[in-house]
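Below: the structure, in C-alpha cells.
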Amino acid sequence: MRFVVTAGPTREALDPVRFLSNRSSGKMGYAIAEAALAKKHDVTLISGPSCLAPPRGAKTVPITTSDELFAAVRRALRECDVLVMCAAVADYKPAAVSARKMKKRKAAFPLRLIPTRDVLASLPKRRRYLVVGFAAETHDLKKNAQKKLRTKNCDAIVANDVSGSETGMESDENEVTIFFRDDETKTISRALKEIIARELVKIFEKMFEKSLTKKS
Ligand code: CTP
C-alpha cells in the first residue's frame, strides 16, 4: 500500500522573524509513518517543522506553510492509496506578510487574519484513495469529530482530546477514537503513540482491503 502521511504544524509568517503556529510536535504522524514502513508499505511523509528525525525509508517532503502543505499533498496524491492527514494545519494566516521586520510600537497592534485553504475539504468526492482525517478537540469530541467526518468528506476520522498535557499534542502518549462513515467507532485506549500508530495502520489496512472488495 502507498501511504501519504502529513505531520507536524504549519507556520504562517507575519514578517521574516515571526510566525503563527501551534503546539504540534509531529510525533503522532511520524509514528504512523514508522508503523507503515515496518509493515513494508511505501510512505511519503509530508512534514511541517519538527525536531524529529525523518523515518528511514520514507520519502520525506518538508513544508512550512499551509499553502506548501496543500501543494505537496496534491502532488503526492498522484500515487496514493491512503492519505492520513495528521498535520495540525493553521486555520488562519496573516492577511499581509511584511517583507521587513516589523518595529515595536507603543500602541495596540491589530492583526488581520484570513482563513487558510482546507486541504481535506478541498479533495474531490470521487477518488481512488482513502482519506483519514484527524480531529483535535478540547470539548464535545464525539459531536465535533462526527461533524468533521461528514463536512470534510473523510472515510474515517481519528479524534484525540488535546485539552490536557498527558495525551495529545506534544505528549508521547495518546488515546484516540476512530469514527467511520457507517457510524461504527473504535477506541484505542491510552498508550505510547508508537503503539497507537501500529493499531491505526492495522485499521487502515483493513479499510483498504474492504474498499478493494467493494470495487471488484
Ligand atoms: N485540516 C486541513 N486543512 C486545514 C485545517 C485542517 O486539511 N486548513 C485537516 C487536519 O489535518 C485534520 C482535520 O482537518 O485532519 C481536522 O483538523 P482540526 O484542526 O481538528 O479541525 P479544523 O478543521 O481546523 O476545525 P476546528 O479548528 O474548528 O476544530
Candidate set from region 13-30 (those that are open to solvent by less than 10 Å² (accessible area, probe 1.4 Å) and within 17 Å of the chain's Cα centre (by Cα)); member that is farthest from Glu170 (Cα to Cα): Gly29
Residue under evaluation Thr44, criteria (1) within 16 Å of the ligand (Cβ to nearest atom); (2) over 17 Å from Ala88 (Cβ atoms); (3) in a loop (DSSP other than H, G, I, E, B), criterion not met: (3)
Near pairs, Cβ below 9 angstrom, 6+ apart or cross-chain, from region 7-30 (on the phi < 0 side of the Ramachandran plot) to any residue that is among the acidic types (Asp, Glu) and part of a loop (DSSP other than H, G, I, E, B): Arg23/Glu170; Ser24/Glu170; Ser25/Glu170; Lys27/Glu170; Lys27/Asp172
Residue under evaluation Arg56, criteria (1) closer than 23 Å to Lys202 by Cβ; (2) assigned to a helix (DSSP H, G or I); (3) open to solvent by 20 Å² or more (accessible area, probe 1.4 Å), criterion not met: (2)
Residue tally, condition within 19 Å of Arg75 (Cα to Cα) and either open to solvent by 80 Å² or more (accessible area, probe 1.4 Å) or aromatic (Phe, Trp, Tyr) (or both), over region 117-161: 5
Which numbered condition Phe208 misses (of (1) touching a residue at least 40 places away in the same chain (Cβ under 8 Å); (2) surrounded by fewer than 15 Cβ atoms within 10 Å (Cβ to Cβ); (3) hydrophobic (A, V, I, L, M, F, W, C)): (2)
Lone unmet requirement of (1) more than 11 Å from the ligand (Cβ to nearest atom); (2) assigned to a helix (DSSP H, G or I) for Asp183: (2)
Residue in region 102-116 that is in contact with a strand residue (DSSP E or B) (Cβ under 8 Å, 6 or more places away or on another chain), within 10 Å of the ligand (Cβ to nearest atom) and open to solvent by 40 Å² or more (accessible area, probe 1.4 Å) present: yes
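Being part of a loop (DSSP other than H, G, I, E, B) and within 13 Å of the ligand (Cβ to nearest atom), is that true of even one residue in region 68-84?
no
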Positions within region 39-51 being over 12 Å from the mean Cα position of the chain (by Cα) and buried (at least 17 other Cβ atoms within 10 Å of the Cβ), in sequence order: His41, Val43, Thr44, Ser50
Condition broken by Ala36, with the remaining ones in (1) surrounded by 12 or more Cβ atoms within 10 Å (Cβ to Cβ); (2) more than 16 Å from the ligand (Cβ to nearest atom); (3) without any contact (Cβ under 8 Å) to a residue 60 or more places away in the chain; (4) over 22 Å from Val162 (Cα atoms) satisfied: (3)
Residues satisfying the stated conditions in region 55-67, i.e. within 15 Å of the ligand (Cβ to nearest atom) and of a type in the set (Gly, Ala, Ser): Ser66
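The values are calculated or read from the model by the stated rules, or taken from the named source; none is laboratory data. All values derive from a computational prediction rather than experimental measurement. All Cβ positions, even for glycine, are placed from backbone atoms using ideal geometry, and neighbour counts span all protein chains on display. To get the accessible areas, we keep the full protein, side chains included, count just its heavy atoms, and leave off ligands, DNA and RNA. Shrake-Rupley method; radii C 1.70, N 1.55, O 1.52, S 1.80 Å.
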